[in-house]
Amino acid sequence: MLHLSFPNISHKSEYLAMISEWQAFEVTPTSPRKLFSWETYEDFLEIVKKDITDNPHGVNSTLFFFMDDDTILWAIQIRHSIDHPNLSLEGWCGGNIWYGLRPSARGKGLSKKMLQLGLIEAWKLGIQKVLISAHEDNIASWKTIESCGGEYIKTIPDEGKSLKVYWILTDI
Ligand SMILES: CC(C)(COP(=O)(O)OP(=O)(O)OC[C@H]1O[C@@H](n2cnc3c(N)ncnc32)[C@H](O)[C@@H]1OP(=O)(O)O)[C@@H](O)C(=O)NCCC(=O)NCCS
């Protein structure tokens, strides 16, 4: 069954299996190893725990594994606020949510469910609408956003690319 789960030590072997898959497919900024500089899985757990109340980047966030039973399909991160120049509507529009699937889980229509589950968690955190953005060339991402009720706001330039920016109401 598809669900979100807060990372804990019981996920360690599954997580490491996912990391080895990633090394075989690609090393991009979406790889967990690129997102979190950790030495051990235990370090990674400390980072995600600290991010909830004491995020070093200034805005607290909660990361959940997106899972199919015991298999980690990867993760969705919910930033508790967008009160930061990199995240705000007036700034870089990074928004409240980041999400990603491991390479072997892509192209199967799973992203919509992941984002829907993330929206429920955002609602539980008291966020009534989330700001979320995707590059225009990341068609799978902005289509996922639109299929989850994303209301288009604007497109802004971003380092030679275009970033599409949306609001999504969480009480859906
Ligand atoms: C973004 C991501 C989670 C999407 O997951 P995915 O499994 O690739 O997407 P899906 O296969 O579910 O496709 C989503 C939709 O986009 C459509 N789509 C995907 N690629 C497409 C393309 N090249 N042209 C047209 N439509 C496309 C799919 O048909 C689907 O539409 P539907 O819901 O109407 O059927 C995944 O690609 C990923 O992890 N990417 C790396 C991380 C990332 O970019 N995260 C987002 C940051 S904004």
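The values are calculated or read from the model by the stated rules, or taken from the named source; none is laboratory data. Since the model is a prediction, treat every value here as computed from it, not as a measurement. Counting neighbours? That spans all protein chains shown, and the Cβs are built from the backbone with ideal geometry, glycine included. Just the protein is used for accessible areas: all its heavy atoms, side chains included, with ligands, DNA and RNA removed. Shrake-Rupley method; radii C 1.70, N 1.55, O 1.52, S 1.80 Å.
Quick grid of which residues meet (1) acidic (Asp, Glu); (2) within 12 Å of the ligand (Cβ to nearest atom); (3) more than 13 Å from the chain's Cα centre (by Cα):
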{"site": "PHE64", "(1), (2), (3)": "no, no, no"}
{"site": "ILE72", "(1), (2), (3)": "no, no, yes"}
{"site": "ILE78", "(1), (2), (3)": "no, no, no"}
{"site": "TRP92", "(1), (2), (3)": "no, no, yes"}
{"site": "LYS112", "(1), (2), (3)": "no, yes, no"}
{"site": "LEU125", "(1), (2), (3)": "no, no, yes"}
Screening ILE145, ILE168, ILE139 for residues that are buried (at least 21 other Cβ atoms within 10 Å of the Cβ), of a type in the set (Val, Ile, Thr) and closer than 21 Å to LYS108 by Cβ leaves only ILE145
Within the range 101-110, of all residues that are in a helix (DSSP H, G or I) and touching a residue at least 60 places away in the same chain (Cβ under 8 Å), the one nearest to the ligand (Cβ to nearest atom) is PRO103
Check your understanding: Quick one: would you say TYR166 is touching a strand residue (DSSP E or B) at 6+ places or on another chain (Cβ under 7 Å), more than 14 Å from the ligand (Cβ to nearest atom) and among the aromatic types (Phe, Trp, Tyr)?
Key -> no
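Rundown of residues vs (1) outside any helix (DSSP H, G or I); (2) open to solvent by 10 Å² or more (accessible area, probe 1.4 Å); (3) small (Gly, Ala, Ser), yes/no style:
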| position | (1), (2), (3) |
| --- | --- |
| HIS84 | yes, yes, no |
| TRP92 | yes, yes, no |
| TYR99 | yes, yes, no |
| LEU115 | no, no, no |
| TRP123 | no, yes, no |
| SER133 | yes, yes, yes |
| TYR152 | yes, yes, no |
| THR155 | yes, yes, no |
